[in-house]
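Structure, as structure tokens:
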Amino acid sequence: TLEADLIIFGTGFHQTVPFLSEQHMNCLTDENGHFMLHRNILPAGIPSLAFVGYNPSLYSNLTSEIGALWVCEYLKGNIQVPVDSEIIKQRKQFIQWRSRFRMKGDPRAISVAPWSIKHADELLRDMKASLPLSSLIPDWLIVLNPSHYKKVKQKIMKRSGIKATAIKVTNFPGKVTLTPKT
């Protein structure tokens with residue numbers, strides 16, 4: 001037993017997907033290991049694969065939730081994506097911009113905080129569900145307020161016929177039981 005006032009989990013992080021074959025990794029990344037994902041979700045050259053939440057940022061909960069809705073809309077055929085060569089071109093432009101912005105950062109990371117709000121806005125625009133200007137201005141100039149996205153999320157879910165299911169967690173810690181919340 002060790003008494004401590006603070007514990008910091010500094011486990012490190014290596015962005016890898018070891019379960020994919022070398023052939024898939026060659027499609028998924030460029031020669032420098034940069035992930036070639038349209039909207040940080042769809043890889044060029046692998047049409048049956050999507051990543052949700054694979055963009056580390058300060059807003060990963062928000063962008064992951066919006067990304068999951070984006071994938072649902074994409075799978076329903078409501079979102080058109082560029083051809084593979086255009087995805088790669090757009091990603092290389094982004095990587096070039098990010099390298100200038102974060103000269104000392106890991107160039108293989110997918111996202112950075114200032115770009116995360118723009119990323120969420122792009123996903124919403126693709127889904128034809130942009131935030132109203134009255135929400136965008138404070139989010140861009142002051143601080144992001146995730147509650148601004150609630151009505152937009154509800155609009156997308158209603159339009160797509162997606163029903164939310166709340167989960168109630170009981171008996172925690174220890175054995176966990178998940179039951180639909182009524």
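The values are calculated or read from the model by the stated rules, or taken from the named source; none is laboratory data. This one's a predicted model, so the numbers in the text were calculated from it and none came from an experiment. We place every Cβ from the backbone using ideal geometry, glycine too, and count neighbours over all the protein chains shown. Surface accessibility is based on the protein's heavy atoms, side chains included, excluding ligands, DNA and RNA. Shrake-Rupley method; radii C 1.70, N 1.55, O 1.52, S 1.80 Å.
Looking at the stretch 114-125, which of the residues that are of a type outside the set (Phe, Trp, Tyr) and within 23 Å of Asp30 (Cβ to Cβ) is modelled with the lowest pLDDT?
So, considering only residues that are of a type outside the set (Phe, Trp, Tyr) and within 23 Å of Asp30 (Cβ to Cβ), the one modelled with the lowest pLDDT is Pro114.
Here's a check for you: in the stretch 16-44, which residue that is open to solvent by less than 40 Å² (accessible area, probe 1.4 Å), in a loop (DSSP other than H, G, I, E, B) and closer than 25 Å to Gln96 by Cα is modelled with the highest pLDDT? First the steps, then the outcome.
From the stretch 16-44, those open to solvent by less than 40 Å² (accessible area, probe 1.4 Å) are 17, 20, 28-30, 33-38, 40-44; that's our starting set.
When the remaining residues are screened for being in a loop (DSSP other than H, G, I, E, B), the result is 17, 20, 30, 33-34, 36, 40-41, 44.
With closer than 25 Å to Gln96 by Cα added as a condition, the list becomes 17, 30, 33-34, 36, 40-41, 44.
On the way: Val17: 81, Asp30: 88, Gly33: 83, His34: 83, Met36: 88, Asn40: 88, Ile41: 92, Ala44: 88.
Checking each candidate, the answer is Ile41.
Under 6 Å between Cβ atoms, which residue pairs at least 6 apart in sequence (or on different chains) link something in the stretch 116-139 that is without any contact (Cβ under 8 Å) to a residue 60 or more places away in the chain with a partner that is part of a helix (DSSP H, G or I) and surrounded by fewer than 12 Cβ atoms within 10 Å (Cβ to Cβ)?
Here the result reads none, with nothing in the stretch 116-139 linked to a residue that is part of a helix (DSSP H, G or I) and surrounded by fewer than 12 Cβ atoms within 10 Å (Cβ to Cβ).
Please go through the stretch 51-78 and give me each residue that is open to solvent by less than 50 Å² (accessible area, probe 1.4 Å), in a loop (DSSP other than H, G, I, E, B), under 20 Å from Ala120 (Cβ atoms) and not polar (S, T, N, Q), ordered by number.
Here is the first cut: in the stretch 51-78, the ones open to solvent by less than 50 Å² (accessible area, probe 1.4 Å) are 51, 53-55, 57, 60, 62-64, 66-71, 73, 77.
Within this subset, residues satisfying the condition of being in a loop (DSSP other than H, G, I, E, B) are 51, 53-55, 57, 77.
Now narrow it down to the ones that are under 20 Å from Ala120 (Cβ atoms): 51, 53-55, 57.
Selection gives Phe51, Gly53, Tyr54.
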